[in-house]
Amino acid sequence: MKNFIPFILSFLILSCGKTYNPAVVSARKEASDIGVEIMKKGGNAFDAMIAVHLALAVAYPIAGNIGGGGFVVYHTSEGESGSLDFREKAPGNAFKDMYLDENGNVIENMSTLGGAAVGVPGSISGIFEIHSKFGSLPIEDLFQPSIELAKNGFIVTKKQEEALKDKLQDFINVNGSESLFSQNYKQGDTLKNINLSITLDKISKNGPKAFYEGEIAEMIIEEIEESGGIMTVEDLKNYNSVWRDPIKFKYKGLDIISMPLPSSGGILLGQLLKAIEGYDIGQFGHNSVESIQLMVEAERRAYADRSFYMGDPDFNKLPVYELMDDEYVNSRMASFSWDKATLSSEVSHGEVKTIEESDQTTHYSIIDADGNSVSVTTTLNTNYGSKVFVEEGGFFLNNEMDDFSSKPGYPNSFGLIGSKANSIEANKRMLSSMTPTIVLKNKKPSLIVGTPGGSTIITSVFQTILNVYEYGMSMQEAVNAPRVHHQWVPDVVIIEEGGIDSVKDSILKSKNYFIVSLPIKSDSSGMSARSSIGKVDAIFIDENGEVSTGADPRGDDHASILK
Ligand code: DON
């Protein structure tokens, strides 16, 4: 009865025509503002999504893109949920050993830098698919703000100055010293991208064909060929995004909707939440020794499954709901002991050495006045993708091919290893960790959440959900709270600064947990520099329909809300 009264109240309030405050949380203020402006003009959350995506392609070129791909998870005001996969695909000429030399060794950087690293981009296809199914405003209206933004320029932030400087030499090596991004940009500079403005204008007027065929397609292929790639105009022409049934499961009465394969995100999130569901983790306290042990042991087992079982569902028959079965998950947790860490080497095989620092994917969360909720994670993969910049078109191309398993047991940029299920094959989609997610409470949108962070995406979304529903944090607190990560291999628990005190640190160490505290420059375990975990951008809607936001202070992220 106690829970029933607020439910009835919120039902009455919402069904009496009370609407939600439209909100967008994204990596850039410009993008969040543009999204809210679209909704102010009568657009819905899907219209806003398109405008935000394009604005990020302009003002957040490190990850925002038209040369990459991503995933959308949505829940409509009518109660329909779904997902769109606009993930990149391997080119038609791609093959299993394409990154190996004649001795079978992985050729360094080939899957990350230059034309050979590029997967067939999906973002433009995704945008138009969303528009044809859900759009309410003309597509030109959704492109216009970004066309203007590219033409008039955006202001470079301090963090952007640093990130651009960090990759300057790569830009010069790949694109020459005259290229738009091969220049020295400083905080406060206005960065104009006239060519991108022209490209967006063409696509806006002529539709996705203007990107996947003709002049722009030829520009893309030319740049890729010049830097050693194998993609063809046919690959671009044949690209298609795919509507997929989202992963759905329950956690303590909440309905969770997340991304299915080719992202491992939804399945792993399901495994993690089910593995801990039988425990009262809320009582253990945030980042207590017990809660860290429980999360880490669940993560160790789930990431071991990821490595073995997961890949493109269109190329493999994969056990999706079997992996999320309660009995199966509980049986995996049977070896968990409060006394000592389970060694990853006992959970499964495989040795890896490195997790590369990178935060560069981007997530945005949107709700409109009717309650349509959209959760999108999109990426070029690592910072500025392959670094191949299509000069005449004004955009970077992804290096998503690195998300394949180049060789069994060989770690990708995020230290993840894979099996045959994620080996390279022509036209196949590479396995992802992106986890755009929507949580429903009493069938209404309650949390819209996601983050960049490669392999740490899934555990960051997991913890944000726990922070809200188990530890009672506000949306912003849940986003700010220091995060912890484990991914089976390497067998280390990464903890953000301020995440635990020295007492907890020594207790965990005495139980055989190998702790790496951030920030790190590089350390003996072979991990390279890293300062934080994820950049969560999320929206919470309470049972009265009040909207609150969490924009991650680890980046320049920004929440815009229409009051
Ligand atoms: O799809 C994936 O899982 C990766 N390409 C995501 C990359 C990412 O999050 C980069 N930022 N750390």
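The values are calculated or read from the model by the stated rules, or taken from the named source; none is laboratory data. Keep in mind that this is a model prediction, so the values were computed, not measured. Cβ atoms come from the backbone with ideal geometry, glycine included; neighbour counts cover every protein chain shown. SASA here: full protein model, heavy atoms, side chains in, ligands and nucleic acids out. Shrake-Rupley method; radii C 1.70, N 1.55, O 1.52, S 1.80 Å.
Worth a mention:
- For the range 111-128, backbone phi angles converted through the Karplus equation (6.51, -1.76, 1.60; θ = phi - 60°) give residue-by-residue couplings of 8, 10, 10, x, x, 5, 8, 7, x, 5, x, x, 4, 5, 4, x, 4, 6 Hz, Gly and Pro being listed as x.
- Applying 1/(1 + (r/R0)^6) with R0 = 41 Å to the Cβ-Cβ distance of Asp189 and Ser474 gives a FRET efficiency near 0.70.
- The slack between Asp97 and Ser288, meaning 0.36 nm per residue of separation minus the straight C-alpha distance, is 64.3 nm.
- Based on DSSP H segments of at least four residues, each scored -39500 (n - 2.57), the chain has a per-residue ellipticity at 222 nm of -10500 deg cm²/dmol.
- Evaluated at q = 0.12, 0.21, 0.26 Å⁻¹: base-10 log I(q)/I(0), Debye formula over Cα of the range 425-487: -0.35, -0.86, -1.15
- Residues of type aspartates and glutamates that Lys252 reaches as a straight line, Cα spacing below 12 Å, ignoring anything fewer than 8 places off in the same chain: Glu277, Asp280, Glu470
- Tensor-based shape of the range 71-184 (alpha-carbon gyration tensor, a/c under 1.5 rounded, otherwise prolate or oblate): oblate
- Cβ charges +1 (Lys, Arg) and -1 (Asp, Glu), total dipole of the chain, debye: 1120
- Net length available on complete extension from Glu162 to Phe308 is 48.9 nm, with 0.36 nm assigned per residue and the Cα-Cα distance removed.
- Placing a pseudo-label 7 Å from each Cα along the Cα-to-Cβ vector at Glu327 and Leu562 gives an inter-label distance of 5.0 nm.
- Pairs from the list Lys133/Lys420; Lys317/Lys407; Lys41/Lys441; Lys192/Lys387; Lys158/Lys509; Lys202/Lys387 with a Cα-Cα gap above 25 Å: Lys133/Lys420; Lys41/Lys441; Lys158/Lys509.
- Our estimate of slack between Ala334 and Ser548, defined as 0.36 nm per intervening residue step minus the Cα-Cα distance, is 73.2 nm.
- Ranked by how many other beta carbons lie within 10 Å on average, peptides 290-302, 425-437, 218-230 from highest: 425-437, 290-302, 218-230
- Accessible area of the chain belonging to carbon and sulfur atoms, whole % at 1.4 Å probe: 50
- Lysines whose Cα lies under 27 Å from that of Lys511, excluding same-chain neighbours fewer than 8 positions away: Lys274, Lys340, Lys353, Lys521
- Here the 3J(HN,Hα) profile of the range 380-395, calculated from phi with Karplus coefficients 6.51, -1.76 and 1.60 at θ = phi - 60°, is 9, 6, 6, 3, 6, x, 6, 6, 6, 9, 6, 4, 5, x, x, 9 Hz, Gly and Pro shown as x.
- Magnitude of the charge dipole for the range 380-491, about its Cα centre and with charges confined to Cβ atoms of Lys, Arg (+1) and Asp, Glu (-1), is about 420 debye.
- Dipole of the chain, positive direction: furthest Cα of Gly415, Pro208, Gly285, with charges on the beta-carbon: Gly285
- Surface accessible to a 1.4 Å probe, Ser345 within the full protein complex, Å²: 80
- Average silhouette area of the chain, convex hull of alpha-carbon atoms, in square nanometres: 23.7
- The packing ranking of peptides 176-187, 54-65, highest mean first, is 54-65, 176-187, where packing means the average number of other beta carbon atoms within 10 angstrom of each residue.
- Using every pair of distinct Cα positions in the range 36-119, the Kirkwood expression returns a hydrodynamic radius of 16.0 angstrom.
- Taking label positions 7 Å along the Cα-Cβ direction at both Gln169 and Ser510, the computed distance is 4.5 nm, reported to one decimal.
- Overall, the anisotropy analysis places the range 242-357 in the oblate class: the square-rooted eigenvalues a ≥ b ≥ c of its C-alpha gyration tensor yield a/c not less than 1.5, with a/b not exceeding b/c.
- Of the trypsin sites (Lys or Arg not before Pro) found in the range 529-559, not one falls in a DSSP loop while having at most 15 other beta-carbon atoms within 10 Å.
- Three-way shape label, the range 24-85, alpha-carbon gyration tensor, a/c 1.5: oblate
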